[in-house]
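Here's the structure, in structure tokens; my notes come after.
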Amino acid sequence: MKKFLSIFTLLLLAICSFAQEAYKPENLFLLIDEQSISTRTKSVSDFSEYVQRLNAAAEEALKNSPAEPAGAVITVAVRPEQSVKVWAATEPAISAETITKLEEALTKVPTCSVKHSVVPFAISASLWGGTVPEEMPNPLKEELENHELPETASMDDIINIVWPASKAQVQAEKKYILDLIDRFRSDKDLSTENLKNYADILRFAQSSNDVTVTIGDDSIPSDDQSVQEYGQLFLLSFIAGNVEYQLKHNEKQDAKKAGIDFEKAKYKQLKKINKSVKIKFLER
């Protein structure tokens, strides 16, 4: 996995050389973690170049508009195949015409390459010398007003509410997850660091409306000392097997047996690496 640049580095790449009055970007906010960004996009440079194109397009769109000093937040969400949605909000509010002009201009910018899911991020900017307030405006506020979000709602959940994926995108996401699970099945590197490469399986299980996974004492080991070291491995294994069964059978019903069977398969791999490991739950 290529190391992903820090937010600070991306910010420097994206906002350098912008000092004109109409539009001056200030900060870049990744709305999902960097690990997810790195697995969902083609490369760091591809993503950062897209941010630069957005900033250039915003400057071009506003340079001949009447000055309306304000602080702005621009939220961008990108899906595969150049599918993009842009929301902008300012404090104080500026004319709807200017907001629409800005959003339309940014929607036309060629996006970065997104392999699966959605890549959401936000840019804060000064318009005509305006100041971005500490409590920044939320471009998604109006669209979310009629939705009751669960406390555990992720940014993926929020984007899917305000901008649902197409059927083709949903199917592509399922295929990606199944391919990822298959790769995890054969991966013999069971280190905690390597497990991070399969974090999208966990996120999918949590956010998808197509699967349901219930985790309890009868699902994963909970009474062995070895679990302290390998707990993440068996949790991921149970979820992977459970999700895989439901997606392959098009059946939204907790598949506990399939999850445990996947755990046992990974346990066999673990035993070949560390023969001293003995977990009663997985040997019955």
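With respect to ALA265, is the statement that it is among the hydrophobic types (A, V, I, L, M, F, W, C) and either within 12 Å of LEU282 (Cα to Cα) or assigned by TED's automatic domain parsing to the domain that holds SER36 (or both) true?
yes
For the range 265-283, which positions are part of a helix (DSSP H, G or I) and farther than 25 Å from ASP182 by Cβ? Step through it out loud before you land on a result.
We begin by selecting, within the range 265-283, every residue part of a helix (DSSP H, G or I); these are 265-273, 280-282.
Answer for the range 265-283, where residues must be part of a helix (DSSP H, G or I) and farther than 25 Å from ASP182 by Cβ: just LYS280.
Name the residue, out of ILE159, ILE123, that is over 20 Å from ASN209 (Cα atoms), surrounded by 19 or more Cβ atoms within 10 Å (Cβ to Cβ) and β-branched (Val, Ile, Thr).
ILE123
Collect the residues in the range 177-220 that are more than 17 Å from LEU247 (Cα to Cα) and surrounded by fewer than 12 Cβ atoms within 10 Å (Cβ to Cβ), keeping them in residue-number order.
Within the range 177-220, SER186, LYS188, ASP189, SER191, THR192, GLU193, GLY216, ASP217, ASP218 meet the criteria.
In this structure, is VAL44 within 24 Å of ASP156 (Cβ to Cβ), surrounded by 21 or more Cβ atoms within 10 Å (Cβ to Cβ) and free of Cβ contacts under 8 Å to residues at least 60 places away in the same chain?
It is false that VAL44 is within 24 Å of ASP156 (Cβ to Cβ), surrounded by 21 or more Cβ atoms within 10 Å (Cβ to Cβ) and free of Cβ contacts under 8 Å to residues at least 60 places away in the same chain.
Being within 22 Å of the chain's Cα centre (by Cα) and surrounded by fewer than 18 Cβ atoms within 10 Å (Cβ to Cβ) is the requirement here; does SER83 meet it?
It is true that SER83 is within 22 Å of the chain's Cα centre (by Cα) and surrounded by fewer than 18 Cβ atoms within 10 Å (Cβ to Cβ).
Condition test on SER38, is it buried (at least 17 other Cβ atoms within 10 Å of the Cβ), in contact with a helix residue (DSSP H, G or I) (Cβ under 8 Å, 6 or more places away or on another chain) and in a loop (DSSP other than H, G, I, E, B)?
no
Out of VAL170, VAL114, I need the residue that is of a type in the set (Val, Ile, Thr), within 14 Å of the chain's Cα centre (by Cα) and surrounded by 11 or more Cβ atoms within 10 Å (Cβ to Cβ). Which one?
Result: VAL114 is the single residue among VAL170, VAL114 that is of a type in the set (Val, Ile, Thr), within 14 Å of the chain's Cα centre (by Cα) and surrounded by 11 or more Cβ atoms within 10 Å (Cβ to Cβ).
In this structure, does VAL84 turn out to be at pLDDT 95 or above and closer than 17 Å to ALA165 by Cβ?
yes
Among the residues of the range 147-162, is any over 15 Å from the mean Cα position of the chain (by Cα) and among the polar types (S, T, N, Q)?
no
Can you tell which of ALA153, ALA96 is among the hydrophobic types (A, V, I, L, M, F, W, C), closer than 30 Å to ASN64 by Cα, without any contact (Cβ under 8 Å) to a residue 12 or more places away in the chain and surrounded by fewer than 18 Cβ atoms within 10 Å (Cβ to Cβ)?
Numbers: ALA153 fails: closer than 30 Å to ASN64 by Cα.
Matching residue, one of ALA153, ALA96: ALA96.
The values are calculated or read from the model by the stated rules, or taken from the named source; none is laboratory data. What you see is a predicted model; the values in this text were computed from it and never measured. Every residue, glycine among them, receives a Cβ derived from its backbone with ideal geometry; neighbour counts consider all protein chains shown.
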